[in-house]
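Colleague: Below is one structure. I have some questions about it.
The values are calculated or read from the model by the stated rules, or taken from the named source; none is laboratory data. Note that this is a predicted model, so its numbers are computed, not measured. Cβ sites come from the backbone with ideal geometry, for glycine too, and all protein chains shown count toward neighbours. The protein model used for the area step is the full one, side chains on, heavy atoms only, and it has no ligands, DNA or RNA in it. Shrake-Rupley method; radii C 1.70, N 1.55, O 1.52, S 1.80 Å.
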Amino acid sequence: MSPIELNKRQEEILRIVKGNGPITGEQIAERLSLTRATLRPDLAILTMAGFLDARPRVGYFYSGKKPGQDVAVTMNKMKVKDFQSIPVVVREDMSVYDAISQMFLEDVGTLFVVDKKSCLTGVLSRKDLLRTSLGGQNLAAMPVHIIMTRMPNITYCLKTDSLIQAAKRLINQQIDALPVVQEHEDGFKVVGRLTKTNITKAFLSLSENHEL
Ligand code: ADP
């Protein structure tokens, strides 16, 4: 059994909850002058490792339990929704030129492509765009739907999937990112982006004294 070691911020959260619980995530964030989104991974770790309990509409409180869970058990409880990033989405008729600009502007390595109903139809990676730009065609006149990887060949995940499941998909398919989707009547809406960086951050959050 390898007990989880906490980073400074997690220790601080634990102190706040011990002294003030039950307390909401927003209130904890306020006390630390941070956003709720920044705290989400820390709160997820503390809850999953058994330091804190969370009740809907009540907030977080100190569980009093002695954490001694195996790291693997905690890892299996880590969910995509706790570590996902904001997706960057473009329309099918956007030009390859504009998609390249968008990738730089948004500082991401993968763009998700959607149709008029905002449903997922494709994925564009850095190399998809690089390959196309080597072809000598007019990139401003070429829509991305010609070069994207398209449905139904897109590997995706759900908010509620475990991070382990998502990591396995990234490795098995040899890709850098998964769209986090929600099923709708017209198809899949893109609600997040799960990348190798998110997995790396989750991995680090299990280690001691690491600031996320
Ligand atoms: P890069 O091509 O820059 O190395 P990736 O390894 O993520 O980046 O992409 C490799 C190929 O897989 C690309 O052609 C890309 O369109 C495709 N791809 C990327 N992500 C996905 C995904 N989630 N589902 C299906 N195909 C994907």
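Colleague: Once amide H atoms are placed 1.01 Å from N in the peptide plane, what residues at a sequence separation of 5 or more from Val88, or on another chain, have their amide H within under 5 Å of its amide H?
Modeller: Excluding prolines and chain starts, which carry no amide H, the hits are Phe112.
Colleague: Would you work out the charge dipole size for the stretch 8-74 about its Cα centre, treating the Cβ of every Lys and Arg as +1 and the Cβ of every Asp and Glu as -1, and quote it to the nearest 20 debye?
Modeller: 100 debye
Colleague: So which aspartates and glutamates can Lys77 reach, going by Cα to Cα under 18 Å and dropping same-chain residues fewer than 8 places off?
Modeller: Cα-Cα hits under 18 Å: Glu5, Asp42, Asp53, Asp161.
Colleague: Now for a different question. Rounding to the nearest 20 debye, state how big the charge dipole of the chain is about its Cα centre with +1 on each Lys and Arg Cβ and -1 on each Asp and Glu Cβ.
Modeller: The calculation lands at about 420 debye.
Colleague: Across the stretch 80-201, how many lysine pairs separated by 8 or more positions, or lying on different chains, have Cα atoms within less than 21 Å?
Modeller: 15
Colleague: I've got another one for you. When a/c is below 1.5 the answer is rounded, else prolate if a/b is larger than b/c, else oblate, so apply that to the chain with a ≥ b ≥ c taken from the square roots of the Cα gyration tensor eigenvalues.
Modeller: Prolate shape, in that a/c is at least 1.5 and a/b is the bigger ratio.
Colleague: Rounded to whole Hz and in sequence order, give me ³J(HN,Hα) for the stretch 16-29 from the Karplus expression 6.51 cos²θ - 1.76 cosθ + 1.60, θ = phi - 60°, writing x for Gly and Pro.
Modeller: 4, 5, 4, x, 10, x, x, 9, 7, x, 4, 5, 5, 4
Colleague: To continue, here is another question. Can you show me the helix-derived [θ] at 222 nm for the chain, built from DSSP H runs with n ≥ 4 at -39,500 (n - 2.57) apiece and divided by the number of residues, rounded to the nearest 500.
Modeller: After summing the helix terms and dividing by the residues of the chain, the value is -11500 deg cm²/dmol.
Colleague: Across 5 Å bins from 0, what is the distribution of all Cα-Cα pair distances for the stretch 107-152, in whole percents?
Modeller: Reading upward from the zero bin: 5, 20, 30, 24, 16, 5, 0.
Colleague: Let me ask you something else. Could you give me D for the stretch 8-74, from Stokes-Einstein at 20 °C and 1.002 mPa s, where the hydrodynamic radius is the Kirkwood radius over C-alpha pairs? Units µm² s⁻¹, please.
Modeller: 181 µm²/s
Colleague: Quick check: at a probe of 1.4 Å, how many percent of the accessible area of the chain sits on carbon and sulfur atoms?
Modeller: Taking all protein chains in place, the chain shows 51 percent carbon and sulfur surface.
Colleague: Of all beta bridges DSSP finds with both residues in the stretch 91-212, what is the antiparallel percent, to the nearest 5?
Modeller: 90 percent
Colleague: Express the relative contact order of the stretch 89-178 as a whole percentage, based on alpha carbon pairs under 8 Å and six or more residues apart in sequence.
Modeller: Dividing the mean separation by the residue count of the stretch 89-178 yields 29 percent.
Colleague: In the stretch 112-212, which GluC sites (Glu not before Pro) fall in coil by DSSP and have 15 or fewer other Cβ atoms within 10 Å?
Modeller: Answer in residue order: Glu185, Glu208, Glu211.
Colleague: Could you pull out every residue, at least 5 positions away or on a different chain, whose amide H is within less than 5 Å of the one on Lys159? Hs are placed 1.01 Å off N in the peptide plane, and Pro or chain starts have none.
Modeller: Val181
Colleague: List, in order, the whole-Hz ³J(HN,Hα) value for each residue of the stretch 95-109 obtained from phi through the Karplus relation with A = 6.51, B = -1.76, C = 1.60 and θ = phi - 60°; use x for Gly and Pro.
Modeller: Along the stretch 95-109, the couplings run 6, 4, 4, 5, 5, 4, 4, 4, 4, 5, 4, 8, 6, 10, x Hz.
Colleague: Rounding to the nearest 20 debye, state how big the charge dipole of the stretch 1-126 is about its Cα centre with +1 on each Lys and Arg Cβ and -1 on each Asp and Glu Cβ.
Modeller: Result for the stretch 1-126 is approximately 580 debye, rounded to the nearest 20.
Colleague: Once the Cα gyration tensor of the stretch 80-201 is diagonalised, what are the square roots of 5 times its eigenvalues, in whole Å and ordered largest first, as equivalent ellipsoid semi-axes?
Modeller: 24, 16, 12
Colleague: Output the relative contact order of the stretch 8-74, whole-number percent, from Cα pairs under 8 angstrom with separation of 6+ residues.
Modeller: Relative contact order, the stretch 8-74: 35 percent.
Colleague: Let me ask something else. Just to make sure I understand: if all protein chains stay in place, what is the order of Lys189, Lys127 by accessible area at 1.4 Å, largest first?
Modeller: Lys127, Lys189
Colleague: While we're looking at this one, here's another question. For the chain, what's the relative contact order in percent, using C-alpha pairs closer than 8 Å and at least 6 residues apart?
Modeller: 24 percent.
Colleague: In what sequence, largest accessible area first, do Ile199, Ile45, Ile86 appear using a 1.4 Å probe?
Modeller: So, going from the largest accessible area down, we get Ile86, Ile199, Ile45.
Colleague: Quick one: Karplus J couplings for the stretch 158-163, per residue in order, coefficients 6.51, -1.76, 1.60, θ = phi - 60°, nearest Hz, x for Gly and Pro?
Modeller: Along the stretch 158-163, the couplings run 10, 3, 8, 5, 7, 5 Hz.
Colleague: Could you tell me which of Tyr97, Ser125, Pro143 has its Cα farthest along the dipole of the chain towards the positive end, charges placed at Cβ (Lys, Arg +1; Asp, Glu -1), taken about the Cα centre?
Modeller: Ser125
Colleague: Oh, and also: In what sequence, largest accessible area first, do Arg40, Arg9 appear using a 1.4 Å probe?
Modeller: Sorted descending by solvent-accessible area, the residues read Arg40, Arg9.
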